[in-house]
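Student: Here it is, the structure in full.
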Amino acid sequence: MCAGATPDGPCRAAPLLESRYCLFHDPDSTDLAADARRLGGEHRRRRATLQAVHGFDGFGTLDAVRQVLDLAVTGALSGEPGVSQSRVLIAAAAVALRLHEVEEFEPERRALEQANRPKWPAPGWLIGTLLDRRPEA
């Protein structure tokens, strides 16, 4: 464990190779630790911005997937053309195709689920009811 200390007690992080301290307590790694803190803050701000500006709150619905797909394509098209941009666009096209397939068959899937739903309670229901009604000994 790291030889450094936190306000709550000893630091429990793993030390760096050839050091007694973790990244954040190692005196030779102060610049690297500052960069890590800065990038962590940027990540949290970006996520908060996505949630606030775009209303993104996960991939729970097909509309949410479509919204992220649109954002990714718009972002890729606004950058310089290159291999990374091409990969994003190809992946986005594949996701869009799959999304269309899911939407196309969604009504049929729901109809099949409804048709296959049991019309009577499961046999365990009857057994449980009979056991509840037995006389006590």
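The values are calculated or read from the model by the stated rules, or taken from the named source; none is laboratory data. These numbers were taken from a predicted model, which means no experiment stands behind them. Note that each Cβ is placed from the backbone with ideal geometry, even for glycine, and that neighbours are counted across all protein chains shown.
Student: Quick one: in segment 25-57, which of the residues that are farther than 17 Å from Gly4 by Cα and assigned to a loop (DSSP other than H, G, I, E, B) is modelled with the highest pLDDT?
Tutor: Taking the candidates together, the pick is Asp57.
Student: Going through Gly75, Gly60 one at a time, which residue ends up being outside any helix (DSSP H, G or I) and within 23 Å of the chain's Cα centre (by Cα)?
Tutor: Gly60
Student: Here is a further query. Please work out which residue is modelled with the highest pLDDT, limiting yourself to segment 91-121 and to residues that are hydrophobic (A, V, I, L, M, F, W, C), loosely packed, with under 11 Cβ neighbours inside 10 Å and closer than 21 Å to Val68 by Cα.
Tutor: Within segment 91-121, the match that is modelled with the highest pLDDT is Ala94.
Student: If the Cβ limit is 8 Å and pairs must be 6+ apart or interchain, which residue in segment 17-40 that is without any contact (Cβ under 8 Å) to a residue 40 or more places away in the chain pairs with which residue that is among the acidic types (Asp, Glu) and not in a loop (DSSP other than H, G, I, E, B)?
Tutor: Note: pairs meeting the criteria are Ser19/Asp28.
Student: Name the one entry in Cys22, Cys2 that is of a type in the set (A, V, I, L, M, F, W, C), touching a Gly at 6+ places or on another chain (Cβ under 8 Å) and at pLDDT 85 or above.
Tutor: Cys22
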